[in-house]
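Accompanying notes for the structure given below.
Derivation of every value follows stated rules applied to the coordinates shown; laboratory data play no part. Everything numeric in this text was worked out from a predicted model, so none of it was measured. Note that we place each Cβ from the backbone using ideal geometry, even for glycine, and neighbour counts take in every protein chain shown.
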Amino acid sequence: MGQKRSFGSSAEMYLKTIAELADEREPVPVTSVADRLGISTVSASEMIHRLEARKFVRHRPYKGVYLTEDGRREANGVIRRQRLWECFLNDDLSIPWEHVHDFACQLEHATAPVVTEALADFLGHPATCPHGNPIPTAEGEMPAREGVALDDLKPGERELSCAFIQ
């Protein structure tokens, strides 16, 4: 019942960061990972090589890094834990929206899978976090986002969703 995850918080942060920076078409530059984590490129490269040895990422020298299927699933597990904690902290403990991310980031690394799923049950399996981001499934799949990203719109263009029409 006290299931454990396969590695520590540092590796989880790398996988989550790569997932957040990922673009399906392009590898994530190692420098971008290092910048986001506030560490040196050398340190980021060392951890990426360890993650590659565990088959969580594929590294292409001078191009960047991709998550493997296993890496994506692990990253989405971390994101799931974080976003569920954000829901709990905001909705049930009334912690202000702007503070829940940092607290949830600390809790995501200390949460066993059985606790994650109990939390999801308690919350009624929310689809999004308080910031509107989708919550990955228990199987590590990221639901597709609905709507149009702002960077896909041209200046002055508007996309109306059925949710806004009354």
Using a Gaussian network model on the chain with a 10 Å cutoff between Cα atoms, which of Ile39, Ile135, Ile79 fluctuates the most? Ile39
Principal axis dimensions, largest first and in whole angstrom, of region 70-144 by Cα: 34, 26, 21
In region 44-131, what chymotrypsin sites (Phe, Trp or Tyr not before Pro) fall in a loop by DSSP, with at most 11 other Cβ atoms inside 10 Å? Tyr62
Once phi is turned into θ = phi - 60°, what whole-Hz ³J(HN,Hα) does the Karplus curve with 6.51, -1.76 and 1.60 give for every residue of region 65-78, x standing for Gly and Pro? 10, 10, 7, 7, 4, 5, x, 5, 5, 4, 4, 5, x, 5
Under 5 Å between amide H atoms, partner at least 5 residues away or on a different chain: which partners does Thr128 have, H built in plane at 1.01 Å? Ile135
Output row, site Arg54, 7 Å Cα→C-beta label point, backbone N cut-off 16 Å, window region 74-89, residues 74-79
Taking only the C-alpha atoms, wrap a convex hull around region 9-67 and report its volume per residue in Å³ as a whole number. 68 Å³
Do you know the Lys pair count in the chain for C-alpha distances under 20 Å, with sequence separation 8 or more or different chains? 5
Net dipole in debye of the chain [+1 Lys, Arg Cβ; -1 Asp, Glu Cβ; about Cα centre; nearest 20]: 640 debye
Quick calc, region 9-67, dipole around Cα centre from Cβ unit charges on Lys, Arg (+) and Asp, Glu (-), nearest 20 debye, gives 220 debye
Specify the residue with the greatest mean-square fluctuation among Arg83, Arg25, Arg60, computed from a Gaussian network of the chain linking alpha-carbon atoms under 10 Å apart. Arg25
With θ set to phi - 60° and the Karplus curve 6.51 cos²θ - 1.76 cosθ + 1.60, what are the ³J(HN,Hα) couplings of region 118-132 in order, to the nearest whole Hz, using x for Gly and Pro? 5, 5, 4, 4, 4, 7, x, 6, x, 7, 9, 7, x, 8, x
Give me the dipole magnitude in Debye, nearest 20, for region 70-144 about the Cα centre, with unit charges on the beta carbon: positive for Lys and Arg, negative for Asp and Glu. 120 debye
